[in-house]
Amino acid sequence: MTVSEIPTTREDYPHFLSIPTRWMDNDLYGHVNNVVYYSFFDTLINEYLIRMGGLDIHAGPVIGLAVETMCRFKRELTYPEVIEAGLRVGKLGNTSVRYEIGLFSAGHEEPAATGYFVHVFVDRAQRRPVPIPPRIRAALARLVPAPLSIET
């Protein structure tokens with residue numbers, strides 16, 4: 001999938017998280033600063049992994065490391081606004097996953113931003129790739145659209 005093929009409709013995302021903007025998210029130009037969009041991505045993904053996949057961020061033997069990210073900005077987000085962050089899995093491999101994200105303003109069908117985020121799952125101590133743990137893998141599989149494949 002190319003960058004231009006990242007989904008652009010709400011229906012393409014099976015999971016959503018509401019994330020309120022904060023006063024400090026705005027920059028001098030009056031809109032949410034570009035680096036905050038990546039924070040929204042990270043919040044969306046990690047909240048899902050913790051809540052749905054049982055990821056133990058403090059003591060679990062496996063963690064996900066970000067190895068690649070991208071964001072395409074389409075429209076400004078501002079404070080005060082609640083972002084509706086959509087999540088799906090574009091590729092689920094043995095040790096890695098590519099998340100695809102859409103950030104929506106309430107009431108808008110078109111995303112304000114789209115992007116992706118790639119995690120490689122590694123042993124916490126050795127930092128070497130390991131298979132995605134079964135519970136996390138099952139949670140991620142629920143976010144894979146029907147026509148896409150899952151590597152085993």
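A compact table of results
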| quantity | calculated |
| --- | --- |
| One residue from Tyr29, Tyr48, Tyr37 being in a helix (DSSP H, G or I), among the hydroxyl-bearing types (Ser, Thr, Tyr), over 21 Å from Val144 (Cβ atoms) and out of contact with any Lys or Arg (no Cβ under 7 Å at 6 or more places or on another chain) | Tyr37 |
| Strands (runs of 3 or more DSSP E) contained in the range 78-152 and holding at least 1 residues within 21 Å of Val36 (Cα to Cα), in contact (Cβ under 8 Å) with a residue 40 or more places away in the chain and of a type in the set (S, T, N, Q) | 113-123 |
| Subset tally (residues that are outside any loop (DSSP other than H, G, I, E, B) and either among the β-branched types (Val, Ile, Thr) or farther than 19 Å from Leu140 by Cβ (or both)) for the range 54-69 | 4 |
| When residues of the range 5-22 are limited to those that are of a type in the set (D, E, K, R) and out of contact with any Gly (no Cβ under 8 Å at 6 or more places or on another chain), the one farthest from Arg51 (Cα to Cα) | Glu5 |
| Matching residues, the range 75-131, being closer than 23 Å to Leu28 by Cα, aliphatic (A, V, I, L, M) and surrounded by 17 or more Cβ atoms within 10 Å (Cβ to Cβ) | Leu77, Ile83, Leu103, Ala112, Ala113 |
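Values in this text are rule-based calculations from the coordinates and carry no lab data. Note that the structure is a prediction, hence the values are computed from the model and not measured. Reconstructed Cβ throughout: ideal geometry from the backbone, glycine too, with neighbour counts over all protein chains shown.
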